[in-house]
Each structure stands twice: as structure tokens, then as C-alpha cells.
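Notes follow the structure.
What follows draws every value from the coordinates through simple rules; no lab data is involved. Computed from a predicted structure; not experimentally measured. Cβ: placed from backbone, ideal geometry, glycine included. Neighbour counts: every protein chain shown.
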């Protein structure tokens, strides 16, 4: 089997290293990384040296036991918003402009305060969508929905199939 059929090695990995994210990066963007214990930072993509195929990469954050392992990474630009989601179900939405831009091998700052045994489980972009008017504004607050209970009619047989469903 030739190289064109089997692919090539993009990155060599050490021991327990794993790929957690793949993004297309441009020099004028930032790489946002967040650890499982709620620390994060932005670093200019231009601060990372280009490496060839099969290289081992470069360090992006100084990890300590207090900071935990990486939970997510994403290429972002000024004006973007992200959501951080914890294992306890906590979700926060924040502009990336609020996250400090730091050097490559620094530790980061607290971006999400966690309760008890919670960990950051995911980092997701806030995606704008078109509403019915054709504009693409991001909603500033979630819409509230109300659900009212429906009482069954006395002649309804709850749990019984209709004659036409048999």
C-alpha cells in the first residue's frame, strides 16, 4: 500500500498524550485553551512556530496538578463568544475578549469557578443563527418557555391504543 492510500503521520505523540482538538489556524487569530479545573488563556497563533509533518509539537500551557489537564482548545478571534460546560451541568457564556491573552508556556487565569468535584468538560463556540427577519444577531438572553399541563378528557383512554393504530 502506497503513501497516498494509507495516509501520513501528522503528529508524533508521547506516552499518554492525545489529540483533543483540530482547528484551522491563521496568524491573526488566537488559540484559546481551557483546563479541566477552570483555567484558561488566549495566545496568538503567530507565537507558535511552524512544525513539519510527524513532529512532536510545542508546549501551549504550563500544566500543574492544581490546573488539571486540558479540557478544550479552539481557534478564536476578537468578538467571538464561547460556552464553558462543567460535569455538574453548569454552563457559562463569555466573550473571548474577557479571557487574558498570555504567552505560550504560561499557566492561564481562572475563567470558570467550579463547585465541589465539578470539572470543565467542554468548550463550545457560540454560533450565530439567522432569525426570521434575516439578521444574524446573537440572542442576549435565552428565551423563556412556559409549559402548561394538559388534562386528559374523561372519555380518553390513557395508555390505550386508538382503533386505527392496531
Being within 28 Å of residue 10 (Cα to Cα), in contact with a strand residue (DSSP E or B) (Cβ under 7 Å, 6 or more places away or on another chain) and outside any strand (DSSP E or B), is that true of even one residue in the range 81-94? no
Could you tell me whether residue 119 is exposed (fewer than 13 other Cβ atoms within 10 Å of the Cβ), farther than 24 Å from residue 25 by Cβ and in contact (Cβ under 8 Å) with a residue 12 or more places away in the chain? no
Qualifying position, being buried (at least 18 other Cβ atoms within 10 Å of the Cβ) and on the phi > 0 side of the Ramachandran plot, among 68, 54, 108, 89: 108
